[in-house]
There are 2 protein chains.
Amino acid sequence: MTEQQAVLDMLEILECGGCVEPAHFFTLMRRTFRIAHLLYLEAEPYADELKICRLHHTFGAYAAEIYRSRNLHRIDPILKLALGGVRPVEWTMARHRFPDCEPLFEAAQEIGLSTEGVALPLPSPAGRMALLALNVNMSADEWTAYRRQHLRDFQLAANLFHAAMLEHAAMPGAFSARERLTGRETEVLTWAAAGKSYWEIATILGISERTVRFFMTNARRKLNVVSNTQAVAQAVRHALIPTV
Amino acid sequence: MTEQQAVLDMLEILECGGCVEPAHFFTLMRRTFRIAHLLYLEAEPYADELKICRLHHTFGAYAAEIYRSRNLHRIDPILKLALGGVRPVEWTMARHRFPDCEPLFEAAQEIGLSTEGVALPLPSPAGRMALLALNVNMSADEWTAYRRQHLRDFQLAANLFHAAMLEHAAMPGAFSARERLTGRETEVLTWAAAGKSYWEIATILGISERTVRFFMTNARRKLNVVSNTQAVAQAVRHALIPTV
DNA sequence: ATTTAAACTGTCACTACCGACAGTTACGCG
DNA sequence: CGCGTAACTGTCGGTAGTGACAGTTTAAAT
C-alpha cells in the first residue's frame, strides 16, 4: 500500500496548510494521482452571467485560447452543473445530458485531450462558488474503477486546497499590501455590520461614542470608502470581518 | 481490506443519492465507521446571532437539553470555527485555542460523552453554512491514526449527504422560502453598498428620494435587520447583490 | 531615547437616515 | 372584476452618521 501511503501523506501536507501555490498543488496532485490536467476556478454568479475571480489550470495556453475564442464557456455543461450544485460532476455524464455541448468535447479531442474527468463543486462562504476539475488520461472502465477508489481523496484534497486559497487570498494584494485594519477597527466594523449604532457599539466595547467614530473613520479611510454601509460591504466581501 | 470495501460501498450509495434521511445516514455512518455520535447543523449567520435552519443529531434528548439549558452554544468553539471557515475543525484543537469553552467539554464528560472528534464545515450556495460533527469514542492516539486514514471518507460522505439535504428539502424558513427581494430592492441595496446616498441613488435610478427609502425599508424588513449597513452586510453575505 | 502606531476623548455644525403617517398607478391572474 | 404585488410619491420629526477642529496616553520598535 505504498500508493495509499503517498495519498495520506499528501493529504496531511494539504491539511497543514503547506500548499497555497496553485502550481505547487497541481504538481503534487499529478505526482500523487494518475491525473492528466487540473483546473481551479473561482467565480461569482451575477445574474445569469459569471464573473471569474480566479482561474488556474494546467491545460496550457493553446487550449485556453481555443476555449476562449470559441466561446466554449457558453455551452460548457461542467461549469453549469458544478457551479450550480454541490455534487461531483462526471464529465461523460454532463456530456450525455447536454447534447449542445459537443463542440466542447470535439475541441478537447482536437487538441489531444482526454474527455474523461470529474469536476468537484466547492461552495465558499459569501455565496461565491469554485470548482476543481480533474482530467484523466485513461479508458472509461479504468477511470470508473480509479474514480471509485479515489474520489474521496480528490474531494478532501479539493476542499483543503480551496480552504487554503480562501484563507490566503482573503485579502487580495490591494488590502494586505495597503493599510491593514487594526483590531479595534475590525471590531467596530463587525458590530456595525450587526446593525449596532455608535452608541450601542460604544456601550458594548466600553469606550466612548467618539472613539467608535474615530475607529470607523479610520476604517473608512483605509478602505477608501465614503460611508459605513460601503465599508461594511467591502469588509464582508474581502472577509475582513467574521461571518458569524 | 474488507473495511475499505465497506467504506467504498457506502460512499457509492451516498453518491447515487440513496440516502436522504438523516437518521438513515447516521446509521450508515455508524455502521461503517467507528463513530459514536453525529450532528448535522445548517444555519444562517444572522446579525450576531445564528439562525438554525436544520439540526439532526444522535446525542439524544438529554445531551441536547443540557446544551440548550446551559447556553453552551454561546461558548462552543466548534460552532464558531466550523461555521466561520472551510477547514476541518479538530475538537481538541478548538478546545485548546478557546480557554473559555471548558464548560462545554466538562458537560460532555459529565454525561459520558467523549471529547474527541472533528467537525467538517460545509458551505452551501447562497451563503448558508452547515457542518457535520463526528464524535468518536477512542483514545487520542487511536483517533489520530483513525482520523488520518478516514478524514477523506468523512469529508466525501459529509459533502454527499449535505448535497442530498440541499437538493431534498425545500428549505423551511430559509431565504428562498422567506420573502425574496424584488428587483428594485436589490438595485437600491447594490448602490447603497457602493456608498451612494439616497439622493444619489434616486438620481441614478431616476426616481424620487422617497421611493429609494421605500425600497430600502422593504429590504430591511425582509432581511429582518435594523439599518442599511446591516442590510448590506447581510445582502453581501448571502450573495443577494452582485460584487463590484 | 526617539519614533511610530494604536487606542483613546471632546465639541460643533451639518447631512443622512429612518419610522410612521397616508396615499396612487400599473400589471398579471383566477 | 376584484385581488395581490411591485413600483412609486409626499411630509414630519427624531435619531444617527460624518467631517473638521484639536488633542492625550500607552506600548512596542528602532
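So here's what we get for this one:
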item: Selection count where residues are surrounded by 15 or more Cβ atoms within 10 Å (Cβ to Cβ) and within 9 Å of DNA strand C (Cβ to nearest atom), scope the stretch B:214-223; result: 3
item: Top-ranked residue in the stretch B:158-194 [being polar (S, T, N, Q) and within 22 Å of A:A82 (Cα to Cα); ranked as modelled with the lowest pLDDT]; result: B:S176
item: Close pairs (6 angstrom Cβ cut-off, 6 or more residues apart or separate chains): under 15 Å from A:T115 (Cβ atoms) and part of a helix (DSSP H, G or I) in the stretch A:65-90, open to solvent by 20 Å² or more (accessible area, probe 1.4 Å) and of a type outside the set (D, E, K, R) anywhere; result: A:L72/A:L104; A:P77/A:F98
item: Residue list for the stretch B:189-223, filter: of a type in the set (V, I, T) and either within 10 Å of DNA strand D (Cβ to nearest atom) or over 20 Å from A:V232 (Cα atoms) (or both); result: B:T203, B:I204, B:I207, B:T211, B:V212, B:T217
item: Only listed residue being aliphatic (A, V, I, L, M) and at pLDDT 90 or above, chosen from A:L83, A:L79, A:L120, A:L104; result: A:L120
item: Selection within the stretch A:95-124 - touching a strand residue (DSSP E or B) at 6+ places or on another chain (Cβ under 8 Å) and open to solvent by less than 30 Å² (accessible area, probe 1.4 Å); result: A:S114, A:E116, A:G117, A:V118, A:A119, A:L120, A:P121, A:L122, A:P123, A:S124
item: Check on B:A192, surrounded by 21 or more Cβ atoms within 10 Å (Cβ to Cβ) and within 8 Å of DNA strand C (Cβ to nearest atom); result: yes
item: Qualifying positions in the stretch B:224-233 - open to solvent by less than 30 Å² (accessible area, probe 1.4 Å) and away from DNA strand D (no atom under 11 Å from the Cβ); result: B:V225, B:A231, B:V232, B:A233
item: Evaluation of B:S208 against (1) without any contact (Cβ under 8 Å) to a residue 12 or more places away in the chain; (2) within 11 Å of chain A (Cβ to nearest Cβ); (3) within 11 Å of DNA strand C (Cβ to nearest atom); (4) small (G, A, S) (one fails), failing number; result: (2)
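The values are calculated or read from the model by the stated rules, or taken from the named source; none is laboratory data. All figures in this text were calculated on a predicted structure; none of them were measured in a lab. A quick note on method: Cβ atoms are made from the backbone with ideal geometry, for glycine too, and the neighbour counts reach across all protein chains shown. Heavy atoms of the whole protein, side chains included, go into the accessibility calculation; ligands, DNA and RNA do not. Shrake-Rupley method; radii C 1.70, N 1.55, O 1.52, S 1.80 Å.
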